[in-house]
1. Mind checking which pairs have a first residue in segment 157-183 that is free of Cβ contacts under 8 Å to residues at least 60 places away in the same chain and more than 10 Å from the ligand (Cβ to nearest atom) and a second that is assigned to a loop (DSSP other than H, G, I, E, B) and of a type in the set (D, E, K, R), Cβ under 6 Å, 6 or more apart or different chains?
2. Restricting the search to segment 348-368, which residues are within 14 Å of the ligand (Cβ to nearest atom) and either free of Cβ contacts under 8 Å to residues at least 40 places away in the same chain or not in a loop (DSSP other than H, G, I, E, B) (or both)?
3. Within segment 292-301, is even one residue in contact with a strand residue (DSSP E or B) (Cβ under 8 Å, 6 or more places away or on another chain) and touching a residue at least 40 places away in the same chain (Cβ under 8 Å)?
4. Out of (1) over 30 Å from residue 240 (Cα atoms); (2) surrounded by fewer than 21 Cβ atoms within 10 Å (Cβ to Cβ); (3) hydroxyl-bearing (Ser, Thr, Tyr), the odd one out for residue 64 is which?
5. Can you tell me which condition residue 322 does not meet? The list is (1) touching a residue at least 24 places away in the same chain (Cβ under 8 Å); (2) β-branched (Val, Ile, Thr); (3) farther than 30 Å from residue 250 by Cβ, and all the others hold.
6. Only one residue in 388, 379 is under 25 Å from residue 226 (Cα atoms), of a type in the set (Lys, Arg) and either exposed (fewer than 15 other Cβ atoms within 10 Å of the Cβ) or away from the ligand (no atom under 15 Å from the Cβ) (or both). Which one?
7. Out of everything in segment 2-30 that is in a loop (DSSP other than H, G, I, E, B) and buried (at least 21 other Cβ atoms within 10 Å of the Cβ), what residue ends up being nearest to the ligand (Cβ to nearest atom)?
Amino acid sequence: KNLIDINKVRDSFPFFEKYKNLIYFDNAATSQRPKCVIDAMNEYDFFHNANPYRGIYDLSVDATERYENARKKVATFIGATKASEIIFTRNTTESINLLSHSLGEICINEGDEIIISIAEHHSNMLPWRTLAKRKNATIKYLECTDEGEFLLDDYKNLLSEKTKIIALTGMSNVFGRVTDIKKFATLAHEHGAYFVLDAAQSALHTINDVKANDIDFMCFSGHKMLGPMGIGVLYGREEILDRMPPFLYGGEMIEYVSREDVSFAELPNKFEAGTVNVSGVVGLAKAIEYIKDLGQEHIIEAEKNLSDYAFAEIMKVPHIQIIGGKKADEHRGIISFSIDDVHSHDVAAICASEGIAIRAGHHCAAPLHQHLGLNSSNRISLMFYNTREEVDRCMEVLARVRRLMGYND
Ligand code: PMP
């Protein structure tokens, strides 16, 4: 039973009012935004805009308060104890780049090892590879099974006293499989290494608790969790953030500057150089409020029901090869697949001509596709605001693709 009123939910997204017949199944790329999020940002932009921290006039003080209140909301959302452990960035990619620079600076030396998985998005792969190159360190790949699972035994075999950082996805954007993060994080700590979570996909679709999961760093993007583009989050444990050098240098990240000397601001400002994105942060805080009002566990439950349904239906379509696990539970709202003998771009183009937005390509996980022996794939990714009727329509089109391409079965 769904605890979410789907009609009420659909009504709260202006996007669905405009595009009544469009089926939006590319939610892993970016989610749509509820009206309250857009309204909150507009209200800020219309009536409250000022540069926070700089002014002592009311508007600037007010902008600072709105920005800092949003930071507190984000901290609560992920179970961080202190708001100052929340750094606002542009997106997951920037959060990981910040870490690869500033965390890399304090803990990576020649010969050290960084573990990432082969299933990582390029955003959680290339920054670490660049760091390794810069420091003459080594990247070790944690493989995954054909079902998209990371095996603890493989992981244990990679861990050593040389391991300094492990960066792993909480949910693969290709498989939609949820990682048992705590086990990986705890083992990382037993080896004295830091654990970084790429939560771009998992931030909305799993319950976050950085303390309970024993995570040192968590990176995610507002735009994949009903918030705006252009705002991302880096959570870090205070004790480590304090020891890390800044990533970007400039305004409002200093304590004192003279001709020769500089000392840096306390957390979180040390990592937020330059004018910040207040309306983006206000939008993200509103998205969190919306999620809390619906109940994140209700959202997850609704998505699981829809995902299980979609998985059962897609398994009935002839000539479809599912990528990853063959059990519904191994896909949380994300199902990647290919259709025999048809290029993924043709599949997506046929869907597009029927008003269905799905993905084609390597989904920024090219090494994973190589690992699986694939050039590309298609992907449908669902949200709690999608419906079974939409799934049915999509499946009906997928079942017709091969005939449209000239095959007679
Ligand atoms: N990691 C994963 C698992 C992702 O799915 C994505 C976005 N597709 C990213 C990182 C990067 O997110 P962003 O583009 O918002 O920086």
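The values are calculated or read from the model by the stated rules, or taken from the named source; none is laboratory data. These figures come from a predicted structure and were not determined experimentally. Backbone-built Cβ (ideal geometry, glycine too); neighbour counts: all protein chains shown.
1. Within 6 Å, the pairs are 162/112; 164/112; 182/214.
2. Within segment 348-368, 359, 361, 362, 366, 367, 368 qualify.
3. Step one: list which residues in segment 292-301 are in contact with a strand residue (DSSP E or B) (Cβ under 8 Å, 6 or more places away or on another chain), which gives none.
No, there is no match, as no residue in segment 292-301 is in contact with a strand residue (DSSP E or B) (Cβ under 8 Å, 6 or more places away or on another chain) and touching a residue at least 40 places away in the same chain (Cβ under 8 Å).
4. Condition not satisfied by residue 64: (1).
5. (1)
6. 388
7. Looking only at segment 2-30, we keep the residues that are in a loop (DSSP other than H, G, I, E, B), and these are 2-5, 12-13, 19-22, 25, 27-30.
Those still in the list that are buried (at least 21 other Cβ atoms within 10 Å of the Cβ) too: 13, 25, 27-28.
Working: 13: 20, 25: 15, 27: 11, 28: 6 Å.
Among residues in segment 2-30 that are in a loop (DSSP other than H, G, I, E, B) and buried (at least 21 other Cβ atoms within 10 Å of the Cβ), the one nearest to the ligand (Cβ to nearest atom) is 28.
Rundown of residues vs (1) among the β-branched types (Val, Ile, Thr); (2) at pLDDT 95 or above; (3) touching a helix residue (DSSP H, G or I) at 6+ places or on another chain (Cβ under 7 Å), yes/no style:
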| site | (1), (2), (3) |
| --- | --- |
| 146 | no, yes, no |
| 153 | no, yes, no |
| 160 | no, yes, no |
| 168 | no, yes, yes |
| 181 | yes, yes, no |
| 185 | no, yes, no |
| 190 | no, yes, no |
| 205 | no, yes, yes |
